2 protein chains.
Amino acid sequence: MAATPEPATRVRRIPELQRHDQRDLEAVLDAGLVAHVGIVDDAQPYVLPLAYVRDGDRLLLHGSTGSRLLRALAAGAPACATVTLIDGLVVARSAFESSMHYRCAMVFGRCAPVEDTEVALQRFTDGLLPGRSGEVRASHPKELAATQVLELPIERWSVKASDEDPEDSEEDLAGDSWAGVLPIECRFGTPRPAADLRRGIPVPASVRQLAQRTITPPGTAAG
Amino acid sequence: MAATPEPATRVRRIPELQRHDQRDLEAVLDAGLVAHVGIVDDAQPYVLPLAYVRDGDRLLLHGSTGSRLLRALAAGAPACATVTLIDGLVVARSAFESSMHYRCAMVFGRCAPVEDTEVALQRFTDGLLPGRSGEVRASHPKELAATQVLELPIERWSVKASDEDPEDSEEDLAGDSWAGVLPIECRFGTPRPAADLRRGIPVPASVRQLAQRTITPPGTAAG
């Protein structure tokens with residue numbers, strides 16, 4: 001689906017940083033773990049961090065049926081889900097030109113409850129930890145009833161990314177100030193068993209596969 | 001300033017995860033780099049990632065005077081600034097109990113433009129990269145005119161954090177499924193000079209001090 005050229009998705013500030021390829025969008029959405037979801041209640045905006053996964057042309061968001069704001073989202077209130085990855089500090093020769101390396105995806109729309117909570121919860125589980133759904137028992141009906149999985153269609157969106165060197169003026173280039181990028185690196189660490197884990201239960205494949213793996217920035221070798 | 005017990009700041013979901021100490025709030029705000037700021041325009045919420053620093057009892061947010069949403073923020077539209085740090089995946093014995101380790105601060109209120117842009121920009125620069133303002137030239141008047149620094153008072157806020165082991169049922173505890181935490185670690189990497197950096201300019205102290213330093217989770221030894 002293409003980005004609809006509506007006001008909400010047209011990047012006005014520094015439009016040359018906008019990307020228009022859905023693969024750029026998907027790369028950001030697939031690298032993130034948490035979306036910051038905006039919702040309005042009585043003219044007050046709320047921004048909630050929600051775990052999410054991308055499932056084809058929709059985002060699956062996950063929460064409790066007991067949450068008031070989740071219920072408002074489920075009822076179809078206008079929403080904005082923003083996923084941001086911060087890849088580094090851009091250290092320019094002046095304070096003014098200093099900035100950040102980032103990738104940011106915004107998806108606008110209205111959420112709807114997913115009918116088949118069981119399948120959606122499986123996709124959700126495997127989206128965060130690939131293969132995990134095959135390692136755990138099936139969900140109990142009571143658990144499914146207490147889980148709200150929402151879908152947000154990926155139809156109206158924008159992506160913006162910055163990965164360039166600082167752009168200093170000729171005058172500053174001739175000066176003595178350093179300029180460059182201080183990268184920010186995120187990765188999964190070493191799995192830590194729960195204090196109440198019974199002896200002799202090994203770390204499962206799903207967790208082993210992610211351990212020590214780089215999350216951001218893309219292309220970084222795992223340490 | 002204490003958290004005002006208004007509806008907007010009372011945590012309804014899993015209230016035992018809420019923290020009430022302003023030091024918890026400040027620890028989250030001081031560890032983050034980007035706030036997700038919610039603002040409403042014509043009933044549509046927008047969630048913008050904005051670099052910020054905490055300056056005492058206010059957040060300083062930084063943007064361009066040319067941004068429509070920044071201008072709406074500056075005009076005092078109701079806002080919500082959310083800062084979230086993701087510290088790990090909580091891998092429970094069931095999909096249902098699986099979750100994340102996180103710390104999340106929300107600050108609600110209305111922004112105002114900071115009068116003394118020069119001082120605010122210095123605080124901003126040093127908040128992200130301590131000592132940097134002393135290493136760069138003073139800002140030009142034209143640069144100051146093009147910079148919008150907003151302040152959001154830290155008056156109405158909430159903090160929520162989760163750092164516990166998974167809480168599985170007795171039945172699941174007796175099973176064969178692994179449970180634990182897969183930590184997520186973020187740190188500053190090795191500084192990369194700009195392609196156009198003149199030879200012989202060393203990495204400045206501000207950048208050297210952050211290089212290789214752990215951002216999250218707290219208490220992790222730098223690698």
Self-check item: Label distances, nm, A:ALA211 versus same residue in remaining copies, Cβ-directed 7 Å point
Solution: 3.1
Practice problem: Might you report the magnitude of the Cβ-based charge dipole of region B:60-216 about its Cα centre, with Lys and Arg at +1 and Asp and Glu at -1, to the nearest 20 debye? | Solution: 1440 debye
Quiz item: Taking the label point as lying 7 angstrom from Cα along the Cα-to-Cβ axis, what are the distances from A:GLU115 to the corresponding position in the remaining copies, in ascending order and in nanometres?
Solution: 6.1
Quiz item: Å³ per residue of the Cα convex hull, for region B:88-202?
Solution: 201 Å³
Self-check item: Euclidean distance of C-alpha centroids, region B:144-223 and region A:132-181, integer Å
Solution: 14 Å
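May I ask for the longest run of chain B untouched by trypsin sites (Lys or Arg not before Pro) that are loop-located per DSSP and have at most 15 neighbouring C-beta atoms (other than their own) within 10 Å?
By the stated rule (loop sites, at most 15 other Cβ atoms within 10 Å), B:14-136.
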Exercise. Shortest first and in nm with one decimal, please list how far the B:ARG192 label point sits from its counterparts in the other copies (point 7 Å along Cα→Cβ).
Key: 3.0
Self-check item: Evaluated over the protein assembly as shown, the Cα radius of gyration and Dmax, each in Å
Solution: 21.8, 70
Exercise. List every residue whose amide H lies under 5 Å from the amide H of A:GLY76, counting only residues 5 or more places away in sequence or on a different chain, with H placed 1.01 Å from N in the peptide plane.
Key: A:CYS111
Quiz item: Along the charge dipole of region B:67-182, which of B:ALA79, B:ALA146, B:LEU69 sits closest to the positive end, that is, farthest toward it, with unit charges on the beta carbon of Lys, Arg, Asp and Glu (+1, +1, -1, -1)?
Solution: B:ALA146
Quiz prompt | Size of region B:168-209 as Cα extents on the principal axes (Å, biggest first) | solution = 65, 19, 10
Quiz item: Once the mean 1/r over all distinct Cα pairs of chain A is inverted, what Kirkwood radius in angstroms do you read off?
Solution: 19.8 Å
Practice problem: Take every Cα-Cα pair in region B:46-124 and report what % of them are more than 15 Å apart. | Solution: 65 percent
Exercise. Using the 4.7 Å Cβ rule, please list in number order the cysteines from chain B without any candidate partner.
Key: B:CYS80, B:CYS104, B:CYS111
Quiz item: What's the FRET efficiency of B:ARG198 with A:ALA195 using the Cβ-Cβ distance as r and R₀ = 56 Å, to the nearest 0.05?
Solution: 0.55
Exercise. List, in order, the whole-Hz ³J(HN,Hα) value for each residue of region A:168-181 obtained from phi through the Karplus relation with A = 6.51, B = -1.76, C = 1.60 and θ = phi - 60°; use x for Gly and Pro.
Key: 8, 5, 3, 4, 6, 4, 7, x, 9, 7, 6, 8, x, 10
Quiz prompt | Cα centre as origin, Lys/Arg/Asp/Glu Cβ charges: the protein assembly as shown dipole, Debye | solution = 100 debye
Quiz item: Say R0 is 35 Å: what FRET efficiency, to the nearest 0.05, do A:ALA112 and B:ARG137 get from their beta-carbon distance?
Solution: 0.10
Exercise. Count, for each residue of A:157-169, the Cβ atoms from other chains sitting within 10 Å of its Cβ, then give me the mean as a whole number.
Key: 1
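Every number in this text was worked out from the coordinates using simple rules, so none of it is lab data. None of these values were measured; they are calculated from a predicted model. A quick note on method: Cβ atoms are made from the backbone with ideal geometry, for glycine too, and the neighbour counts reach across all protein chains shown.
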